Amino acid sequence: MPMASKGLEGIVAAETKISFIDGEKGVLEYIGIPIGELASHSTFEETVFLLWNGRLPNKAELAAFTAEIRKRYELPAGMEQRLLALPRDAKPMHMIRTMVSALSMHDHTPDANDIPSLRSKALNILARVPTLLAYFHRYRSGMPLVRPDVNLSVAENFLYMLNGERAKPTMAKALDVCLVLHADHGFNNSTFTARVLMSTQSDMYSAITAAIGSLKGPLHGGANEGVMVMLNEIPSLEATEKYVLDKLAKKDKIMGFGHRIYKSYDPRATHLQVLAKDLAAETGNSSLFEKSKKIEDVMATAVAAKGIYPNVDFYSATTYHCIGLPLDLFTPVFVIARVGGWAAHVIEQMSDNRLFRPDVDYKGPHGVKYTPMSAR
Ligand code: ACO
């Protein structure tokens, strides 16, 4: 029996053609295209097409794909009433996990797992997660719902439904870049969760629901919220160094730092740092950016030798704050993006499936006699 690898570190669990990471060199590619190229030139819709098809679309293909997404923005009949019956104080990650699961009941063939059906279900989820989030936010805030606008991109439409007015182009563009940067990332925990679930030949809704549950954790996608909580806790730029060093001395984790795969700068954080700086200047939040930069500098001196650098969640916190997103929608926005990657992996899994069923190294006792209740 081979030794167990705690956290499956270093274990190759499958082959993929979707995204490539070189953690030593700080490289991330989707279908071979460096993430920086996509962040600079692509859009979220085009990136999702790339992930699902293994190539960039031509103009007509992108227009058709975009139209397919937009015509699904509105919720199926009955979903809105279900949403409006939820407790207003429900946490958005719990809401979105539950409502993605509920979407399956509005699909007449929820278990169809042929590739065209999987793509159709993935489109349903991709298009409706932003609507569910925006509707829920307005409902809990006592504001009237704002219907989706099919003339707008996923990023523009989400901000429009959330705020009830068209977003400034710089804000919509920033969100779109964030969605591109967050769309896929190898065998991260939530993607692995989705693929493990799909390997039982369950269904797309179940796979994405499970992945959302995984992403919620503070060691995964939930860290972007943790970063903002930390930034709010630090009273001033001057107090930053002591705050970080005190936490490290107590062996506490600094949210938004460290990664199982990257032992150099996360290439997504490189882009987000620039984005955060620009947006902070534009929105009068430069002090927030300076505090973030100070945390990074302190960490560079204190722990960079261990290969701990900012990850995708660190500067996305400042970026989302500047875009005007409420704190508890930070991780749900990650869901909007990652549905693209999860669905690509579910489709890849089903294209050449074998049930995931690893072995385990049993360390417990053997041959123990059952003790009757009267003798315990
Ligand atoms: N702050 C301080 N120290 C850290 C951090 C951190 N953020 N991350 C790792 N370390 C230290 C650990 O204390 C440990 O030190 P030791 O060897 O002296 O005991 C060493 O680095 C290894 O840490 P592990 O937790 O074993 O590394 P692992 O690969 O299991 O975990 C993880 C990776 C979970 C991302 C970790 O770095 C972490 O908890 N980071 C904070 C949460 C976070 O930002 N998560 C988002 C990751 S990106 C994403 O999922 C979208």
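The values are calculated or read from the model by the stated rules, or taken from the named source; none is laboratory data. All of these numbers come straight from a predicted model, not from anything done at the bench. Using ideal geometry, Cβ is built from the backbone for each residue, glycine included, and neighbour counts are taken over all protein chains shown. For accessibility, only protein heavy atoms count, side chains too; no ligands or nucleic acids. Shrake-Rupley method; radii C 1.70, N 1.55, O 1.52, S 1.80 Å.
Key figures
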{"quantity": "Region 194-227 residues near the modelled Asp246 label - backbone nitrogen below 19 Å, point 7 Å along Cα→Cβ", "calculated": "226-227"}
{"quantity": "Sparsely packed trypsin sites (Lys or Arg not before Pro) within region 79-120, loop by DSSP, other Cβ within 10 Å at most 11", "calculated": "Arg88"}
{"quantity": "Point-charge dipole on Cβ atoms (K/R +1, D/E -1) for region 223-323, about Cα centre, debye to 20", "calculated": "440"}
{"quantity": "Gyration tensor (alpha-carbon) shape descriptor, region 292-374, a/c threshold 1.5", "calculated": "prolate"}
{"quantity": "Mean Cα-pair separation over length for the chain, i.e. relative contact order, pairs under 8 Å, 6 or more apart, %", "calculated": "24"}
{"quantity": "Region 308-376 and region 277-295: distance between their alpha carbon centers, rounded to Å", "calculated": "31"}
{"quantity": "Inter-probe distance in nm under a simple model that places probes 7 Å from Cα toward Cβ, at Lys168 and Ser5", "calculated": "4.6"}
{"quantity": "The chain: C-alpha gyration tensor shape, a/c 1.5 cut-off, then a/b vs b/c", "calculated": "rounded"}
{"quantity": "Debye, to nearest 20: dipole size of the chain, +1 on Lys, Arg Cβ, -1 on Asp, Glu Cβ", "calculated": "940"}
{"quantity": "FRET efficiency estimate (nearest 0.05) - Cβ-Cβ, Thr109 to Val360, R0 45 angstrom", "calculated": "0.80"}
{"quantity": "Compactness of region 223-323 as Cα Rg over 2.2 N^0.38 Å, two decimals", "calculated": "0.98"}
{"quantity": "Coil-residue GluC sites (Glu not before Pro) of region 191-262, DSSP, other Cβ within 10 Å capped at 15", "calculated": "Glu238"}
{"quantity": "Qualifying GluC sites (Glu not before Pro) in region 13-51, DSSP loop, other Cβ atoms within 10 Å at most 16", "calculated": "Glu15, Glu24"}
{"quantity": "Entries of Lys25/Lys263; Lys247/Lys306; Lys250/Lys293; Lys91/Lys277 with Cα pairs more than 20 Å apart", "calculated": "Lys250/Lys293; Lys91/Lys277"}
{"quantity": "Charged-residue dipole, Cβ positions (Lys, Arg, Asp, Glu), region 97-169 about Cα centre, Debye nearest 20", "calculated": "260"}
{"quantity": "Potential extension, His220-Leu327 segment - 0.36 nm per residue separation minus Cα distance", "calculated": "36.9 nm"}
{"quantity": "By accessible area with a 1.4 Å probe, ligands and nucleic acids excluded, highest first: order of Phe136, Phe257", "calculated": "Phe257, Phe136"}
{"quantity": "Gaussian network model of the chain, Cα within-10 Å springs - most flexible of Ser42, Ser351, Ser19", "calculated": "Ser351"}
{"quantity": "Per-pair calculated FRET efficiency, R0 = 22 Å: His41 and Ala281 via Cβ, rounded to 0.05", "calculated": "0.40"}
